[in-house]
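Beneath this line is the structure, given in structure tokens, with notes to follow.
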Amino acid sequence: MQTRVDFEQRADQDSRRESESRTDGAQTRRAAREPFTRIAGVGGALPERVVTNQDLAEMVDTSDEWITARTGIKERHIAADGEYTSHLAERAARNALDDAGMSVADIDLIVVATATPDYAFPATAVVVQERLGMTHGAAFDIGAACSGFVFALATADAMIAAGSARRALVIGAETFSRILDWEDRTTCVLFGDGAGAVVLEATMGTDNGASRGIIAHALRSDGSHRDKLYVDGGPSTSKTSGVVRMRGQEVFRFAIQATVDVVEEVLAKAGICAADVDWFVPHQANKRIIDASAKKLGIAPEKVVLTVCEHGNTSAASIPLALATAARDGRIKQGDLVLLEALGGGFTWAAAVVRW
Ligand SMILES: CC(C)(COP(=O)(O)OP(=O)(O)OC[C@H]1O[C@@H](n2cnc3c(N)ncnc32)[C@H](O)[C@@H]1OP(=O)(O)O)[C@@H](O)C(=O)NCCC(=O)NCCS
């Protein structure tokens, strides 16, 4: 079992190695020797079944041409009967732990971002904790719809900075297929199921911008927009889970400006500009929103990680799934500056800057 002394020695070594290997880049938000959160591993999980636009055209009055032109989506993965959000979350968590070279014994916090929990309670994070065979530490869910992963990342980072956790699994996991009206062509073509996870680890920050880890985040919400994208039921209102309802054009319009605003806020906090970003990993809702946001921000198309074409909108899972995809295929490399951004029902919107 690792002692506090072991942990601090390892953190010191890591910190020294990193400051020797990189001295350029973003300012860190914290002074030397304060806890700093780095991403130690990432993993994704998708249901086996793929549903193409053509498959959907056989169910509702739509076409591959319409869906592709308006959203960029070509296909999405849909969970099998009996495959729950917690199953996808568990698979993503195990993949992230493997990537980090860690076991569940190293973890003391699990945060799951989801709008499609297995149950009203216990939290899906607790179900995942049980499946991983973990009886120590703490596990809880966060609900911020499609922005949930960035909210969860910021929460876990703050807990690590406060010293209340050392290593966390932060998971975005969804089975949106369960809350879709499969007769409503304006929503059912947009979403998919999946999960992604990162392992966060406390390390020691440096004050020269060299540390790998979470540099800054910015979280926003405004409930006055809640009737533009919502689920029309819930335990307390209808005693059902309800289905997604959306005023698509209003979401579209709001999303682009909100994205730009929150990204500018987080870049300022991090002390960098858009040109410094190596990879932009936005929430994967719609290729047109992503393209327009990147253009307004001045981020080149080749720096944008796009998975919406194959995954659809997997809500809180979309960013960690995109991170897992781009890390696995070698695009995102150690030391890269990665910009995350999301918008979801509420509205909630959020961004983070991470040194990978
Ligand atoms: C949903 C969205 C793709 C619709 O695209 P749009 O260009 O705004 O399309 P509109 O809603 O104006 O609809 C245009 C026409 O297409 C039709 N249409 C809607 N869905 C359709 C579908 N799946 N297939 C074919 N036609 C469809 C509409 O009924 C409308 O027909 P009409 O002109 O005869 O009335 C777009 O508004 C969008 O992406 N919004 C943001 C959604 C989002 O990202 N939500 C999640 C945020 S986390």
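If I filter the range 329-344 for residues that are closer than 28 Å to residue 179 by Cβ, away from the ligand (no atom under 12 Å from the Cβ) and either surrounded by fewer than 24 Cβ atoms within 10 Å (Cβ to Cβ) or in the same structural domain as residue 193 (by TED's automatic domain parsing) (or both), do I get at least one hit?
Checking the range 329-344: not a single residue is closer than 28 Å to residue 179 by Cβ, away from the ligand (no atom under 12 Å from the Cβ) and either surrounded by fewer than 24 Cβ atoms within 10 Å (Cβ to Cβ) or in the same structural domain as residue 193 (by TED's automatic domain parsing) (or both).
Just the residues that are touching a residue at least 24 places away in the same chain (Cβ under 8 Å), assigned to a loop (DSSP other than H, G, I, E, B) and over 20 Å from residue 179 (Cβ atoms), please, taken from the range 42-65.
Let us first name the residues in the range 42-65 that are touching a residue at least 24 places away in the same chain (Cβ under 8 Å), namely 42-51, 53, 56, 59-62.
Narrowing further to those that are assigned to a loop (DSSP other than H, G, I, E, B): 46-49, 59-62.
48, 61, listed by residue number.
Given the options 268, 300, 292, 258, name the one that is of a type outside the set (Phe, Trp, Tyr) and in contact with a Lys or Arg (Cβ under 9 Å, 6 or more places away or on another chain). Spell out the reasoning first.
Values: 268 fails: in contact with a Lys or Arg (Cβ under 9 Å, 6 or more places away or on another chain); 300 fails: in contact with a Lys or Arg (Cβ under 9 Å, 6 or more places away or on another chain); 292 fails: in contact with a Lys or Arg (Cβ under 9 Å, 6 or more places away or on another chain).
None of the others qualify; the one that does is 258.
Considering each of 50, 42 in turn, give the residue that is in contact with a Pro (Cβ under 9 Å, 6 or more places away or on another chain), modelled with pLDDT of 95 or more and either more than 16 Å from the ligand (Cβ to nearest atom) or over 30 Å from residue 104 (Cα atoms) (or both).
Details: 50 fails: in contact with a Pro (Cβ under 9 Å, 6 or more places away or on another chain).
Every option except 42 fails the conditions.
State yes or no: is residue 281 under 23 Å from residue 160 (Cβ atoms), among the β-branched types (Val, Ile, Thr), outside the structural domain of residue 42 (by TED's automatic domain parsing) and buried (at least 21 other Cβ atoms within 10 Å of the Cβ)? Don't jump to the end; show me each part of the working.
Numbers: under 23 Å from residue 160 (Cβ atoms): yes; among the β-branched types (Val, Ile, Thr): yes; outside the structural domain of residue 42 (by TED's automatic domain parsing): yes; buried (at least 21 other Cβ atoms within 10 Å of the Cβ): yes.
In short, yes.
Being over 21 Å from residue 117 (Cβ atoms), at pLDDT 95 or above and among the hydrophobic types (A, V, I, L, M, F, W, C) is the filter here; which residues of the range 161-183 pass it?
Within the range 161-183, just 165 meets the criteria.
Is there a residue being within 16 Å of the ligand (Cβ to nearest atom), crowded, with 21+ Cβ neighbours inside 10 Å and either acidic (Asp, Glu) or modelled with pLDDT of 95 or more (or both) anywhere in the range 201-213?
The first filter runs over the range 201-213 and keeps only residues within 16 Å of the ligand (Cβ to nearest atom), leaving none.
Checked against the condition, which is being within 16 Å of the ligand (Cβ to nearest atom), crowded, with 21+ Cβ neighbours inside 10 Å and either acidic (Asp, Glu) or modelled with pLDDT of 95 or more (or both), the range 201-213 yields no hits at all.
Mind listing just one residue for me: the one in the range 66-86 that is more than 9 Å from the ligand (Cβ to nearest atom) and free of Cβ contacts under 8 Å to residues at least 12 places away in the same chain and, of those, farthest from residue 183 (Cα to Cα)?
Taking the candidates together, the pick is 82.
Can residue 228 be described as of a type in the set (D, E, K, R) and within 16 Å of the ligand (Cβ to nearest atom)?
Details: of a type in the set (D, E, K, R): yes; within 16 Å of the ligand (Cβ to nearest atom): yes.
The answer is yes for residue 228.
Give the residue that is nearest to residue 231 (Cα to Cα), with candidates limited to residues of the range 99-114 that are crowded, with 24+ Cβ neighbours inside 10 Å and of a type outside the set (Ser, Thr, Tyr). Quick ask: steps written out before the conclusion?
Start the filter on the range 99-114 by keeping residues that are crowded, with 24+ Cβ neighbours inside 10 Å, which leaves 107, 110-114.
Next, only the ones that are of a type outside the set (Ser, Thr, Tyr) stay: 107, 110-113.
On the way: 107: 33, 110: 25, 111: 22, 112: 19, 113: 16 Å.
It comes out as 113.
The values are calculated or read from the model by the stated rules, or taken from the named source; none is laboratory data. Only a predicted model underlies this, so the values are computations on that prediction, with no experimental measurement involved. Here Cβ is always computed from backbone atoms with ideal geometry, including for glycine, and neighbour counts include all displayed protein chains.
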